[in-house]
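Have a look at the structure below before the remarks.
The values are calculated or read from the model by the stated rules, or taken from the named source; none is laboratory data. If you're wondering where the values come from, they're calculated on a predicted model, not measured in any experiment. With ideal geometry, Cβ positions are generated from the backbone for all residues, glycine too; neighbour counts draw on all protein chains shown. The accessibility values were calculated without ligands, DNA or RNA, using every heavy atom of the protein model including side chains. Shrake-Rupley method; radii C 1.70, N 1.55, O 1.52, S 1.80 Å.
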There are 2 protein chains.
Amino acid sequence: MQVIKTVKDLQAAVAAYKKDGVSIGLVPTMGALHEGHGSLISAARKENDAVIVSVFVNPTQFGPTEDLDAYPRTLDADCEMAQALGADIVFAPSAREMYPSDDDTWVEVTGSITAVLCGRSRPTHFRGVTTVVSKLFLLAQPDRAYFGQKDAQQAEVLKRMVKDLFFPLELVVLPIVREADGLAKSSRNVYLSAEERKAALVLSRSLAGAAARFDAGERSGAALAQEVREQIEAEPLATIDYVEYYALPGLTEAAEPLTGDTLLAVAVRFGTTRLIDNVILEGNK
Amino acid sequence: MQVIKTVKDLQAAVAAYKKDGVSIGLVPTMGALHEGHGSLISAARKENDAVIVSVFVNPTQFGPTEDLDAYPRTLDADCEMAQALGADIVFAPSAREMYPSDDDTWVEVTGSITAVLCGRSRPTHFRGVTTVVSKLFLLAQPDRAYFGQKDAQQAEVLKRMVKDLFFPLELVVLPIVREADGLAKSSRNVYLSAEERKAALVLSRSLAGAAARFDAGERSGAALAQEVREQIEAEPLATIDYVEYYALPGLTEAAEPLTGDTLLAVAVRFGTTRLIDNVILEGNK
């Protein structure tokens, strides 16, 4: 496995793949790889001739008061994991490599899809995501790119971007990977104290409860969200950012009673750590 | 030559080219093709295995009071000219094909490069240009894309976009093509009355004069711009939008005395018709 640090070297490697007609799978990450990322790399390994894992803590998707500096950076361990799962290239560029100009070129999805949920609490976040992912797509020229359902809104926004701009690739979104006790795997889980870690289980537990009530026939989105909200509010260490539900695809307002697929999503702070989790209520099932 | 109207059919044609390892030249146009476009198509024909000419009057690069509806549409003649010059495909989509969502995904170059010159008079223009050109690049996947120096700022903005987002292609910018009397070829020249047509010669005449003074040793950008301004102001049918000069590449403020390459550019109205023209003062020559 090669570790590539510059745009120029990655472009040369990709040009060689393209010349040989090799299919490319791209797994964009911010590093601090866990089993959630692992499931993406394994899927990419199975479905493509070559696998590129990018490891880049993208500054433009962090707000000024967010955890850019504190975000865990574990490149050596990331490379070991990527290699063990069969990646061919880890691309780990500097910020200057990815943002070569002082003025910036942005790729931005506008409208309600980026205004709700995390877009409301983090107003410049998705612009940073869509910009850096566009750059990675144009550098790696993947046939398939892999993202996790944990970042459900990110997945919807990127699907919209791929559709609107006509990126010639397939966007693959894979299920949330959870710890044995239900906590969604996240690079930010390392921030949690033992008590916060335990308290955070209310997210997966309340969402699973809502999904069970939905499967049993409850079709009031408001009632399901309210129950999740009450369970989280009962947890003293939790501070709710949002508990909301939107229609899939596209995150439009969900009409009551719920029909079709609905995303029920939460963002909750435990101390200084903001965690997200979600479940898809599959009305089309 | 094929005339393709849908995104899906273009994607299929491009996929076939890519499978065969065929190099692709793209000439993005808004139609109403003239010899300026012709020079781009001919160059693309010479340098690539396949040539795609897009003909799309892009609504998002027109402001609300601009000439979107009046813009000349001459698809049959455009196809004849493209075919005569050896194009393989004319891609002429509808606006709905190019903009499939109600909310929009934008590609935008920010900073002074889009704030000066036409960016000041047409604040949403370049966002429309960079967005539609990104879409065309991702659809046609060209090895080379061709633009005219007549739209000098557009060329600089697109170079910046290609650099920042890492589009895997070469951007080729070709010289302004002029009528025998010096008027820069433009699809908008058809709007001019006979009198306005004659008055508009002041643009090329004054810019050529400035270039001659520069070549003779004048290195004051302010003096050169002032002379152009005075000549245009002496023409009763002309109303100046701007007469300005900026350093190349990047359109940063040009320090006095001029060193390096400098763009001297004008935008002037004749009746309701806004024309642009420019000259590069080649300090590096």
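Residues of the range A:2-36 that are closer than 23 Å to A:GLY148 by Cβ and loosely packed, with under 15 Cβ neighbours inside 10 Å: A:SER23, A:GLU35.
Taking the residues in the range A:121-144 that are open to solvent by 20 Å² or more (accessible area, probe 1.4 Å) and either touching a Phe, Trp or Tyr at 6+ places or on another chain (Cβ under 7 Å) or small (Gly, Ala, Ser) (or both) as candidates, determine which candidate is farthest from A:LYS18 (Cα to Cα). For the range A:121-144, the residue satisfying everything is A:SER121. Annotation: A:ALA43 fulfils all but one of (1) under 18 Å from the mean Cα position of the chain (by Cα); (2) over 19 Å from A:VAL129 (Cβ atoms); (3) within 14 Å of chain B (Cβ to nearest Cβ); the unmet one is (3). B:TRP106 satisfies every condition listed in (1) more than 9 Å from chain A (Cβ to nearest Cβ); (2) in contact (Cβ under 8 Å) with a residue 12 or more places away in the chain; (3) among the hydrophobic types (A, V, I, L, M, F, W, C) except (1). Applying the criterion of being assigned to a helix (DSSP H, G or I) and open to solvent by less than 20 Å² (accessible area, probe 1.4 Å) to the residues of the range A:163-188, the residue that is nearest to the other protein chains (Cβ to nearest Cβ) is A:ASP164. Within the range B:78-103, the set of residues being without any contact (Cβ under 8 Å) to a residue 60 or more places away in the chain, more than 9 Å from every other protein chain (Cβ to nearest Cβ) and open to solvent by less than 60 Å² (accessible area, probe 1.4 Å) comprises B:ASP78, B:MET81, B:LEU85, B:GLY86, B:ALA95. Of everything listed in (1) polar (S, T, N, Q); (2) open to solvent by 60 Å² or more (accessible area, probe 1.4 Å); (3) under 30 Å from B:ARG274 (Cα atoms), the single unmet condition for B:SER39 is (2). For the condition more than 14 Å from chain B (Cβ to nearest Cβ) and part of a loop (DSSP other than H, G, I, E, B), A:ARG120 does not qualify.
When restricted to residues that are over 18 Å from B:MET161 (Cα atoms) and open to solvent by 70 Å² or more (accessible area, probe 1.4 Å), the range B:246-263 contains 5.
Residue pairs whose Cβ atoms lie under 6 Å apart, sitting 6 or more positions apart in sequence or on different chains, and linking a residue in the range A:264-277 that is over 12 Å from A:SER121 (Cα atoms) to a partner that is open to solvent by 10 Å² or more (accessible area, probe 1.4 Å) and aromatic (Phe, Trp, Tyr), are A:LEU264/A:TYR245; A:THR273/A:TYR191. If the condition is being touching a Ser or Thr at 6+ places or on another chain (Cβ under 8 Å), among the β-branched types (Val, Ile, Thr) and outside any strand (DSSP E or B), then the range A:232-285 contributes only A:ILE232. Is it the case, given these coordinates, that B:PRO64 is open to solvent by less than 50 Å² (accessible area, probe 1.4 Å), more than 19 Å from the chain's Cα centre (by Cα) and not assigned by TED's automatic domain parsing to the domain that holds B:THR273? Taking the combined requirement at face value, the residue does not satisfy it. Kindly indicate whether A:VAL22 is closer than 18 Å to A:PRO168 by Cβ, part of a loop (DSSP other than H, G, I, E, B) and not hydroxyl-bearing (Ser, Thr, Tyr). Yes.
Each residue in the range A:132-155 was checked for being within 11 Å of chain B (Cβ to nearest Cβ) and among the polar types (S, T, N, Q), and 2 of them qualify. Condition test on B:VAL14, is it part of a strand (DSSP E or B), touching a strand residue (DSSP E or B) at 6+ places or on another chain (Cβ under 8 Å) and closer than 27 Å to B:ARG127 by Cα? So B:VAL14 fails the test. The requirement of being touching a residue at least 40 places away in the same chain (Cβ under 8 Å), surrounded by fewer than 24 Cβ atoms within 10 Å (Cβ to Cβ) and more than 10 Å from every other protein chain (Cβ to nearest Cβ) is fulfilled somewhere in the range A:109-117, by at least one residue. Consider A:PHE56 carefully, then state whether it is within 30 Å of B:ARG127 (Cβ to Cβ), under 18 Å from the mean Cα position of the chain (by Cα) and away from every other protein chain (no Cβ under 14 Å). Considered against the rule, which asks whether it is within 30 Å of B:ARG127 (Cβ to Cβ), under 18 Å from the mean Cα position of the chain (by Cα) and away from every other protein chain (no Cβ under 14 Å), A:PHE56 comes out as no.
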